[in-house]
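To start, the structure itself, in structure tokens.
The values are calculated or read from the model by the stated rules, or taken from the named source; none is laboratory data. Here the structure is a predicted model, which means the values were calculated and not measured. Please note: Cβ atoms are built from the backbone with ideal geometry, for glycine as well, and neighbour counts cover all protein chains shown.
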Amino acid sequence: MDILRTLAHELVHYSQHQRLGKKMPDSAGRTGSPYENEAHAKAGVIMRHFQNRYPEFFSAETVAEDGESVNAQYGDQTPLGPE
């Protein structure tokens with residue numbers, strides 16, 4: 001899920017570059033900038049859509065590379081549901 005959220009975030013940045021090009025300031029990637037905040041927000045929305053479409057990825061017992069379940073390592077990460 002982290003990889004998908006990161007990909008969504010970076011695709012928003014790609015869209016920003018396509019839309020604004022050289023108009024983007026050098027500070028666009030700084031924490032708290034409007035560009036960075038937009039990328040975080042839109043990536044979150046994309047992931048909510050993904051969760052609605054594929055809920056099994058958010059509630060399934062996932063196994064880490066060492067064979068231990070993610071739930072055993074970090075506890076139940078099942079989303080609380082719709083707001």
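Matching residues to (1) basic (Lys, Arg); (2) touching a helix residue (DSSP H, G or I) at 6+ places or on another chain (Cβ under 6 Å); (3) modelled with pLDDT under 95; (4) outside any helix (DSSP H, G or I):
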residue: 11; (1), (2), (3), (4): no, no, no, no
residue: 32; (1), (2), (3), (4): no, no, yes, yes
residue: 48; (1), (2), (3), (4): yes, no, yes, no
residue: 58; (1), (2), (3), (4): no, yes, yes, no
residue: 66; (1), (2), (3), (4): no, no, yes, yes
residue: 82; (1), (2), (3), (4): no, no, yes, yes
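The C-beta contact set for region 19-36 (first residue farther than 15 Å from residue 9 by Cβ, second residue part of a helix (DSSP H, G or I), distance under 8 angstrom, 6+ apart or interchain) comprises 24/16; 24/17; 24/35.
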